[in-house]
Amino acid sequence: MSFTRQLFWETRKSRDSATFTGSYQTLGSALSNAASLIKIVNDSAVDIDISTDGTNDHDFIPANGFTLYDVTANTTQEGGSIFIKKGTQFYVKGSASTGSVYLVAQYVRRTGE
């Protein structure tokens, strides 16, 4: 049996911006797998901050913007790929508005053919 690496999708995560309080809130559930690609789409009418610890601002996404973290696009000097750790929880902070924020995660799994 030969093995191959295949790309899979986690279920899309989201938060309605009408629920924003100005404090960090979870953006869906924590990652179920080590992610190779994360896309966060801010389809709301307000700028948002993104965090992975719920306290510190790690990134900023303007209203109606998005960010893409393609962490496995390149390998490390040691020859391996970089992944976003399984169990990572993303948080979002902004003022109440219209629209939603979405998180899309892709992960790689070794499978048998």
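Taken over the stretch 20-38, the criterion of being closer than 13 Å to Tyr91 by Cβ, of a type in the set (Ser, Thr, Tyr) and outside any loop (DSSP other than H, G, I, E, B) is satisfied by Thr26 alone. A count restricted to the stretch 1-44 and to residues that are aromatic (Phe, Trp, Tyr), farther than 16 Å from Gln106 by Cα and surrounded by 11 or more Cβ atoms within 10 Å (Cβ to Cβ) stands at 2.
Would you point out which residue out of Val101, Val41 is modelled with pLDDT of 95 or more, within 10 Å of the chain's Cα centre (by Cα), outside any loop (DSSP other than H, G, I, E, B) and under 25 Å from Phe8 (Cβ atoms)?
Details: Val101 fails: within 10 Å of the chain's Cα centre (by Cα).
Only one candidate passes the filter, namely Val41.
Regarding Ser44, is this residue farther than 11 Å from Gly94 by Cα, touching a residue at least 12 places away in the same chain (Cβ under 8 Å) and of a type in the set (S, T, N, Q)? Spelling it out, it is not the case that Ser44 is farther than 11 Å from Gly94 by Cα, touching a residue at least 12 places away in the same chain (Cβ under 8 Å) and of a type in the set (S, T, N, Q). Are any of the residues in the stretch 64-85 at pLDDT 95 or above and buried (at least 16 other Cβ atoms within 10 Å of the Cβ)? No: zero hits. Applying the condition of being among the aromatic types (Phe, Trp, Tyr) and touching a Phe, Trp or Tyr at 6+ places or on another chain (Cβ under 6 Å) to the stretch 4-37 and asking which residue is modelled with the lowest pLDDT yields Phe8.
The values are calculated or read from the model by the stated rules, or taken from the named source; none is laboratory data. Only a predicted model underlies this, so the values are computations on that prediction, with no experimental measurement involved. Using ideal geometry, Cβ is built from the backbone for each residue, glycine included, and neighbour counts are taken over all protein chains shown.
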